[in-house]
Amino acid sequence: MLDKKKIKEKLEKERDILLEQLRDMGKLNPETGEWEATPEEQDTPEADPNEMADRFEDFEAKSSMIKTLAPRLNDILRALKSVNRESFGKCEVCKKDIEDDRLEANPAARTCKEHLEG
Ligand SMILES: [Zn+2]
């Protein structure tokens with residue numbers, strides 16, 4: 001039997017961690033609903049080319065982290081919305097129950113092991 005309460009707690013915990021990481025690196029654009037990296041504050045008016053490059057690298061690194069974390073957060077949020085539904089924990093492809101150990105490892109999983117996404 002699926003322990004939805006436990007799964008929900010796990011999802012909420014993961015959501016909080018992801019939100020914290022994302023807020024460290026960027027902000028949610030309320031218009032697009034997308035996370036965007038925030039550039040480092042410019043503390044010197046004179047632009048040093050090395051510093052500019054560092055800043056750009058930092059921004060790029062943040063952007064790529066956000067690209068990894070934001071879809072994960074969306075998966076978690078979607079799972080949280082559907083956790084109380086009858087269909088939760090069923091494979092989207094074959095409609096069978098997703099294996100408990102798979103849900104344990106990834107509570108946002110939408111398919112069984114046979115129909116692993118991506
Ligand atoms: Zn399946």
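The values are calculated or read from the model by the stated rules, or taken from the named source; none is laboratory data. Here the structure is a predicted model, which means the values were calculated and not measured. Reconstructed Cβ throughout: ideal geometry from the backbone, glycine too, with neighbour counts over all protein chains shown. Only protein heavy atoms, including side chains, enter the accessible area calculation; ligands, DNA and RNA are left aside. Shrake-Rupley method; radii C 1.70, N 1.55, O 1.52, S 1.80 Å.
Using alpha carbons only, how many degrees (0 to 90, rounded to 10) separate the axis of helix 4-25 from the longest principal axis of the chain?
10
Where a Cα-Cα gap under 12 Å defines reach, which aspartates and glutamates qualify for Lys67, not counting those fewer than 8 residues away within the same chain?
The reachable aspartates and glutamates, counting only those whose Cα sits under 12 Å from Lys67, are Glu34, Glu36.
Please name which of Ile98, Leu77, Ser64 has its Cα lying farthest along the dipole of the chain towards the positive end, using unit charges on Cβ (Lys, Arg +1; Asp, Glu -1) and the Cα centre as origin.
Ile98
Leaving ligands and nucleic acids out of the surface, order Val93, Val83 by accessible area at 1.4 Å, largest first.
The ranking, largest first, comes out as Val93, Val83.
If you put +1 on each Lys and Arg Cβ and -1 on each Asp and Glu Cβ, how big is the dipole of region 1-70 around its Cα centre, in Debye rounded to 20?
Value, rounded to 20: 1000 debye.
For the chain, what is the mean residue ellipticity at 222 nm derived from helices alone (per DSSP H run of n ≥ 4: -39500 (n - 2.57); sum divided by total residues; nearest 500 deg cm²/dmol)?
Details: 3 runs with 62 residues, N = 118.
After summing the helix terms and dividing by the residues of the chain, the value is -18000 deg cm²/dmol.
Under 28 Å from the Cα of Lys96, which lysines turn up, not counting those fewer than eight places away in the same chain?
The reachable lysines, counting only those whose Cα sits under 28 Å from Lys96, are Lys4, Lys5, Lys6, Lys8, Lys10, Lys13, Lys81, Lys113.
Name the long-range amide H neighbours of Gly26: under 5 Å, sequence gap of 5 or more, or other chain; modelled H, no Pro or chain starts.
Distant-sequence amide H within range of Gly26: Thr38.
Skipping prolines and chain starts, which residues have an amide H placed within reach, meaning under 5 Å, of the one on Ala108, given they are 5 or more residues away or on another chain?
Those qualifying (amide H under 5 Å, at least 5 residues apart or on another chain) number zero.
Can you give me the long-range amide H partners of Leu2? Hydrogens built in the peptide plane at 1.01 Å from N, cutoff under 5 Å, separation of 5 or more residues or another chain.
Correct list: empty.
Taking the Cα centre of the chain as the origin, how large is its charge dipole in debye, to the nearest 20, when only Lys and Arg (+1) and Asp and Glu (-1) carry charge on their Cβ atoms?
The dipole magnitude comes to about 1300 debye.
Angle, helix 49-82 long axis vs. longest principal axis of the chain, Cα atoms, 0 to 90°, nearest 10?
Approximately 20 degrees, to the nearest 10.
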